[in-house]
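Presented below is the structure to which this report refers.
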Amino acid sequence: MSATAKPIANTRSVTGIPTARLITWWVIASEIVIFGGLLAAYLMHRLGHPEWAASASHTNTWAGAFNTFVLLTSSLCAVLAHKAADALDGPRAARLLRLTALGGVIFLTVKGFEWTTDIREGFVISSGGFWSYYYTLAGLHGLHVLAGAVIMLIVASDAAKNRELQRVECIGLYWHFVDIVWIFLFPLLYIAR
Amino acid sequence: MTTESHVHHPNYVKIWAILVALLIVSVLGSLSSIRGVILVAAFGVAIVKAYLVAKNFMHVTVEKRWVPYLLVVMIAFVVILFAGVAPDVMRHDGLHWSNDAAKQTVETGMKAAPKQ
Amino acid sequence: MSEQVQHAGHDHPEPGFFLKYCWSTDHKMIAMQYLFTGMAMAMIGGFLAYVFRMQQGFPNHYVPGFGLVTPGRYNEVVTMHGTIMIFWVAMPVLIAAFGNYLIPLMIGCDDMAFPRINRLSYQIFLLSAIVLLGSFLVKGGAFGGAWTAYPPLSASGAYNLTPIGATLWLLAVALEFVAFLLGGINFTVTVMNSRAPGMKMFDIPILIWMIVLATVIFMASAGPLIAGAVMLLFDQTMATGFYDPVRGGDPLLWQHLFWFFGHPEVYVVLLPAMGIVAEIIAVFARKKLFGYKSMLYSTWGVGILSFVVWAHHQFVAGIDPRMANVFTVTTLLISIPVAELVFLYIATLYGGSIRLDTPMLWALGFLAEFLIGGVTGIFLGSSGTDIYLHDTYFLIAHFHYTFVPIAIISVFAGITFWYPKMFGRMMNETLGKIHFWGTVIPFNVIFIPLFMTGMAGDQRRIYSYAQFAEQSRPALQHLRTTSTIGLLVMLSFQLIFIFNFFWSMRNGKRAEANPWRSTTLEWTVPSPPPHGNFAELPTVYRGPYEYGLPGRADDYWPQNAPN
């Protein structure tokens, strides 16, 4: 089946929200509880274990802050891509989306250096409670960044040909959500001590 | 496909500048030695930042009403989870019970930790 | 393939076997894939029940078809029976199969909103089933740490003795969750956005409402367990200590995360079953469903309350006693809306002109048996009595009095009801009735004795009571044996169903479009429906339960009839 063959079910919009955006909201809703469950577990352990603060002080606040900056900037690119798509300027939206994906790549690269340093210093995932949550939370978030960047490039290649422009906004919504998760991960993992 | 937008596009660069300024505030706040300042700088600012992203980049405020409600309900479920689990996991003793293993790890961990 | 050709259905050439049966995006074919996979898994789950019941009924005897049941094998068999029956039978058949088949037909559109996501959902589900079944073959065997997978038993291979099986079990469950998240989000979006013109919120058939609410509950509750499963996986494979108190973790956390999902899960499978029963009762009582809106509001109440009752599974796990009080109250509260639903069904039956065809027998059987399950739950939901009854066969019997009506009885109700639509033939009524009585009577013979052994103190998950002096109660052995014999009878009667199912596919009476004279949209298309479902997409003019109307030629008024 070609990518353009869509059932009539896909084109209806009883709620007034297009199907693509509607499904994105539901994906985000289901992601909230995944991250929320993990964050809640981390938070209650962290509050019950004051000794974790010593481990937390080893994290690199500057790397975390730089990564926050990178994600905020990539979110800006994503929303500008949405604006371009609304103006039916597919090529511009595609360029901005690729810039957003580049932000994701920079984020992951910084993360990679950070983790390499941590591991060199002897802090691996099994080094203690804080480190287990640190790697799991950031790892789960990193996977979302990676998946988002890949999808973003696919959407961009369609958008460049002015196809499926409604997807630009949807991948943007997802990207902003991933950004918001990081906005909370940053103080939880890097600042609070 | 999309021919007309359902949102009015604000000046995104300005919002981005505010977000970056807030980021700087939270990093500077974290250098403080007062616990209250750190917490407000970290989490108060995070909430404001998240709100700005949700409002201006995700346009939740101009989306159909039930969408933000749905997201809030999901967050509420997480809060319920926390409220139900925290009494057992966060606390290490209570009415007729005590979690000795956890107390032990806190004690040895605090001894091993360098003085803050 | 252009859009027009795809929708014309009969115009395009017949696809090859692989494309038609394995790579189809048609919701009806995907529903069949789920249905047949679920039925195959049900047979495996039933076989496992046979194995451990034989061990209980005739301890330490050779089990025909399996061999001698060693303690380790017993643990594996019990664990896999629970896992398979809940995650690979109840979920795929009740939600995925019926949801896939009925949602587009009942809301009047041609397919799911995202057909390829739908196909992906089934493929991931199939992969998860293969991983789970494959775990029987690895070194050490399948996971033997109980279907709830409590750490530290599940976290360390040194304790559960099935290190590879435990990891594969987690992977399979995680894949299955991904499959149902994809499928469930698709269901929700389709029902919200793709309804036929004129079908307002309260014109949606109750079954569709129930399936959507169930998938929403699933979505909202599965997240923390997905996170928890990742943590358990790391505990197993990367030596982390998330659930190890000596290293700063907490085993109670897993129990909370598991039951925060696990209890809503009960309602995830209950609601579609309730929906199937509602549809059938309205059709066979020839009466408008009593209190459509009350039913919906009750269901919403159930959905919301289901998120605040989870810790009643943990009353003896060492949770804070004050929390136990809270959860006792919420647990007893949730019985109010569920009871309300049952009352509404009974009120629908009252004064109806009831026809006792096979689907109706199953629907009534559901009500009767589920009632016993619900009432016995009150003893387990109260922390005082639960401390005595917890982990005994009383719990097993209670649990099966809820889940067998849900996953077996209502599924038979659904299959016998929609079979004409699915396969274009009627099932044999006589065989259907024999199968009904041959299933429901032995079902009670299995579990009533288990209520008694449980109250006498028989613990669950014990492979041989003779091995434990304080558990050995030889006087109860005849009850355990009775239960096993009941299971053997019940399983053998399933052969009649299997025969009827496949025989009727070729030899049954040809079904017309609307054999039960029902009002909902799926009965307005030919049986079986063609690709694209509706020759002309319908418009809806009224609610789904207009039966027994005075002053009309027919006693039913289809949703799409203008007047």
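Given the criteria modelled with pLDDT of 95 or more and more than 8 Å from chain C (Cβ to nearest Cβ), does A:L76 qualify?
Values: modelled with pLDDT of 95 or more: yes; more than 8 Å from chain C (Cβ to nearest Cβ): yes.
It is true that A:L76 is modelled with pLDDT of 95 or more and more than 8 Å from chain C (Cβ to nearest Cβ).
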Task: Residue tally, condition open to solvent by less than 10 Å² (accessible area, probe 1.4 Å) and under 30 Å from C:A239 (Cβ atoms), over the stretch C:109-143 - done: 7
Task: Some residue of the stretch A:45-55 being more than 9 Å from chain C (Cβ to nearest Cβ), buried (at least 19 other Cβ atoms within 10 Å of the Cβ) and either polar (S, T, N, Q) or touching a helix residue (DSSP H, G or I) at 6+ places or on another chain (Cβ under 7 Å) (or both) - done: yes
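Looking at C:A339, C:A397 in this structure, which one is more than 14 Å from chain B (Cβ to nearest Cβ), crowded, with 22+ Cβ neighbours inside 10 Å and farther than 30 Å from C:P529 by Cβ? Full working, then the answer.
Working: C:A339 fails: crowded, with 22+ Cβ neighbours inside 10 Å.
On inspection, the qualifying residue turns out to be C:A397.
Per-residue answers, yes or no, for (1) assigned to a helix (DSSP H, G or I); (2) open to solvent by less than 20 Å² (accessible area, probe 1.4 Å):
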site: C:K421; (1), (2): yes, yes
site: C:I448; (1), (2): yes, no
site: C:M455; (1), (2): yes, no
site: C:A469; (1), (2): no, no
site: C:S472; (1), (2): no, no
site: C:Q477; (1), (2): yes, no
site: C:T482; (1), (2): yes, no
site: C:L488; (1), (2): yes, no
site: C:Q494; (1), (2): yes, no
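I need the helices (runs of 4 or more DSSP H) fully contained in the stretch C:106-196, keeping only those with at least 3 residues that are under 16 Å from C:I30 (Cα atoms).
Working: elements: C:115-134, C:157-160, C:163-193.
Because the criterion is at least 3 residues that are under 16 Å from C:I30 (Cα atoms), the helices (runs of 4 or more DSSP H) in the stretch C:106-196 that meet it are C:115-134, C:163-193.
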Open item on the list: Can you tell me which residue is farthest from C:D320 (Cα to Cα) among those in the stretch C:229-253 that are in a helix (DSSP H, G or I), open to solvent by less than 30 Å² (accessible area, probe 1.4 Å) and facing chain A (nearest Cβ under 7 Å)?
Closed with: C:M231
Open item on the list: I need the full set of residues from the stretch C:47-65 which are under 19 Å from C:L491 (Cα atoms) and open to solvent by less than 60 Å² (accessible area, probe 1.4 Å), in order please.
Closed with: C:L48, C:A49, C:Y50, C:V51, C:F52, C:R53, C:M54, C:Q55, C:Q56, C:G57, C:V63
Task: Filtered residue count, the stretch B:86-116, keeping only those that are in a helix (DSSP H, G or I) and either more than 7 Å from chain A (Cβ to nearest Cβ) or touching a Pro at 6+ places or on another chain (Cβ under 9 Å) (or both) - done: 15
Open item on the list: Here are the criteria: (1) over 30 Å from A:T15 (Cβ atoms); (2) surrounded by 13 or more Cβ atoms within 10 Å (Cβ to Cβ); (3) modelled with pLDDT of 90 or more; (4) more than 9 Å from chain A (Cβ to nearest Cβ). Tell me which single one B:K14 does not satisfy.
Closed with: (2)
Open item on the list: Cβ-Cβ distance below 9 Å, separation of 6 or more or different chains: which pairs start in the stretch B:28-52 with a residue that is polar (S, T, N, Q) and end on one that is open to solvent by 70 Å² or more (accessible area, probe 1.4 Å)?
Closed with: B:S30/A:R193
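Being in contact (Cβ under 8 Å) with a residue 60 or more places away in the chain and under 25 Å from the mean Cα position of the chain (by Cα) narrows it down to one residue among C:L252, C:L305, C:L257, C:L296; which is it? Let's see the steps before the verdict.
Details: C:L252 fails: under 25 Å from the mean Cα position of the chain (by Cα); C:L305 fails: in contact (Cβ under 8 Å) with a residue 60 or more places away in the chain; C:L257 fails: in contact (Cβ under 8 Å) with a residue 60 or more places away in the chain.
Step by step, each of C:L252, C:L305, C:L257, C:L296 is checked, and only C:L296 is in contact (Cβ under 8 Å) with a residue 60 or more places away in the chain and under 25 Å from the mean Cα position of the chain (by Cα).
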TODO: Evaluate the following for B:I34: is it farther than 18 Å from A:L76 by Cα and facing another protein chain (nearest Cβ under 7 Å)?
DONE: no
Open item on the list: Checking the structure you have, find out if any residue of the stretch C:199-219 is within 9 Å of chain A (Cβ to nearest Cβ), farther than 25 Å from C:G414 by Cα and not in a loop (DSSP other than H, G, I, E, B).
Closed with: no
Task: Number of positions in the stretch C:342-373 that are in contact with a Lys or Arg (Cβ under 7 Å, 6 or more places away or on another chain), open to solvent by 10 Å² or more (accessible area, probe 1.4 Å) and at pLDDT 95 or above - done: 1
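A quick yes/no check of all residues on (1) under 27 Å from A:V79 (Cβ atoms); (2) touching a Leu at 6+ places or on another chain (Cβ under 8 Å):
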| position | (1), (2) |
| --- | --- |
| B:S26 | yes, no |
| B:A41 | yes, yes |
| B:V45 | yes, yes |
| B:K55 | yes, no |
| B:F77 | no, no |
| B:M90 | no, yes |
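The values are calculated or read from the model by the stated rules, or taken from the named source; none is laboratory data. This structure is a prediction, so every number in the text was calculated from the model and none was measured. Note: ideal-geometry Cβ built from the backbone for every residue, glycine included; neighbour counts use all protein chains shown. Protein only, heavy atoms only, side chains kept; ligands, DNA and RNA dropped before computing areas. Shrake-Rupley method; radii C 1.70, N 1.55, O 1.52, S 1.80 Å.
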